[in-house]
Amino acid sequence: MRIQNYKELAQSDLREKAFQIVNAGLEAIDTERAVRNGIRLEGNTFFVRDEKFSLTGVEKIHVVGFGKVSLDACKALEEVLGDRLDGGICLDVREGDLKKIQVLVGTHPFPSEDNERATKEIIEFLSGLTEKDFVIFVISGGGSTLLVQPEGMSVEDEVETLKALFVGGANIEEMNTIRKHVSHARGGWLARHVYPASSLSLIFSDVPGDDVQVISSGPTVKDGTTMEDARRVMKRYKVSLPNEAIFETPKEEKCFKNAKHVIFVSNKIALGAMEEKAKELGMSPDIRETALQGEAQDVGKKVLGDLRKASSGDVLLYGGETTVTISGDGKGGRNQEVSLGALSGVEDGELLLPFASDGRDNTDFAGGVCDILTKKKAERMDLSPEEFLKNNDSFHFFERVGSALILGRTGSNVSDLIIAMKA
């Protein structure tokens, strides 16, 4: 059981079933397991599940990973590729020691000079390759923050811009539209740097809809946005940067001709496993949405409304990423706000459990349990969900009522996931 505080939280049959469904979803998207089970090398053919990629003419294979699960994926790839692997670079938020791949450590959720230096190393490494090299890119959530290579601005300028976008409630597409036009490593730039070598990007999607141009700001795919698109987003959220800091992303077709990509892990895999577990438990699951978006607390009310129309034994499953418009100075995350937004309306026999698949909902909590047990305890403690929502302080609410979901770092990172159940 991946839920670290399972014993403290498992106070009802409904909760126990929900936790088993959570566990099934996380097991299905475990990064190392997915790589070992889904990738193999046979002679000059590289298999990604049932897809084949020819390595005829390739002399050296390299791995370049970045994001919050890149360390796990690179570790597994070293085992799968064995002696055929020449080396590479892994940029993660965690320290690690791999045999052939150099591990660099960056920061998240905001970029830093460490990220900038690490990105420069990646660019220099890629720029020295030839048409006889093959690069396996490992791309996962957090890559946008890690791949920092500005021009005409500082890393601190980017940090301040991101903070303003977070406060304003910008969604991931809007933020990454700007990010792609302020870094020489995002928005297709890595495809340009690796050219003329061929490459394959294994993408661990944390973005609703699995848009490869948005995931980690699309570093290896041709970008469909322009500088004007970035400026329009900046204007919408009243942020400004020096004119020279905004530049166009690569558009040359030749850079992308030999740059392939595969959505390797996404919330669809997690939701499918959660659906199967719900069936095993004798319930009736329904995957409602894989690209859910919206203001977090409003999404909580919407999901509760869906559940209210459901029948006994139904399990509604959602994947996506909500946003939080910050108006207070509290502590919390998207999933905790979804749960807290629904809490006042939840009734006996109903449960909502939104959680971050990487185990961190902007805090050490992955989410919060919304059910009658949480609601009654809050009432006994005279805690108002609405007051905590006004201050964006969902973390301290769930901490005080003892209904926080704690997963630790899961070794996975797709989108956020939501379970809604009726007894």
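The values are calculated or read from the model by the stated rules, or taken from the named source; none is laboratory data. Predicted model only: the values in this text are computed from it and were never measured. Counting neighbours? That spans all protein chains shown, and the Cβs are built from the backbone with ideal geometry, glycine included.
Checked against the criterion of being buried (at least 24 other Cβ atoms within 10 Å of the Cβ) and either in the same structural domain as residue 78 (by TED's automatic domain parsing) or at pLDDT 95 or above (or both), the candidates 190, 165 yield just one match: 190.
Annotation: of all residues in region 223-267 being more than 26 Å from residue 195 (Cβ to Cβ) and aliphatic (A, V, I, L, M), the one that is nearest to the chain's Cα centre (by Cα) is 265. Taken over region 386-418, the criterion of being under 23 Å from residue 25 (Cβ atoms) and either in a loop (DSSP other than H, G, I, E, B) or not assigned by TED's automatic domain parsing to the domain that holds residue 309 (or both) is satisfied by 403, 406, 407, 408, 409, 410, 411, 412, 413, 414, 415. Of all the residues in region 367-406, those that are more than 28 Å from the chain's Cα centre (by Cα) and in contact (Cβ under 8 Å) with a residue 60 or more places away in the chain number 1.
Exactly one residue among 388, 365, 398 is touching a Ser or Thr at 6+ places or on another chain (Cβ under 8 Å), surrounded by 23 or more Cβ atoms within 10 Å (Cβ to Cβ), among the aromatic types (Phe, Trp, Tyr) and within 30 Å of residue 210 (Cβ to Cβ), and that residue is 398. In region 313-366, what residues are free of Cβ contacts under 8 Å to residues at least 60 places away in the same chain and closer than 23 Å to residue 28 by Cβ? Passing the criteria: 339, 359, 360, 361, 365, 366. In the set (1) within 28 Å of residue 405 (Cα to Cα); (2) in contact with a Ser or Thr (Cβ under 9 Å, 6 or more places away or on another chain), residue 90 fails one condition alone, (1). Hey, does region 4-21 have a residue that's farther than 22 Å from residue 287 by Cα, in a helix (DSSP H, G or I) and within 20 Å of the chain's Cα centre (by Cα)? No - not one qualifying residue is present in region 4-21. None of 327, 311, 339 is among the hydroxyl-bearing types (Ser, Thr, Tyr), under 26 Å from residue 392 (Cα atoms) and either outside the structural domain of residue 408 (by TED's automatic domain parsing) or at pLDDT 95 or above (or both) except 339.
Could you please let me know if residue 104 is touching an Asp or Glu at 6+ places or on another chain (Cβ under 7 Å), assigned by TED's automatic domain parsing to the domain that holds residue 205 and either among the aliphatic types (A, V, I, L, M) or closer than 17 Å to residue 143 by Cβ (or both)? Yes; evaluated as a whole, the condition is true for this residue. The single residue among 116, 78 that is touching a helix residue (DSSP H, G or I) at 6+ places or on another chain (Cβ under 7 Å) and either crowded, with 19+ Cβ neighbours inside 10 Å or farther than 21 Å from residue 206 by Cβ (or both) turns out to be 116.
Conditions tested, residue by residue: (1) at pLDDT below 95; (2) in the same structural domain as residue 47 (by TED's automatic domain parsing); (3) touching a Ser or Thr at 6+ places or on another chain (Cβ under 7 Å).
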site: 220; (1), (2), (3): no, yes, yes
site: 233; (1), (2), (3): no, yes, yes
site: 240; (1), (2), (3): yes, yes, no
site: 245; (1), (2), (3): no, yes, no
site: 250; (1), (2), (3): no, yes, no
site: 253; (1), (2), (3): no, yes, no
site: 259; (1), (2), (3): no, yes, yes
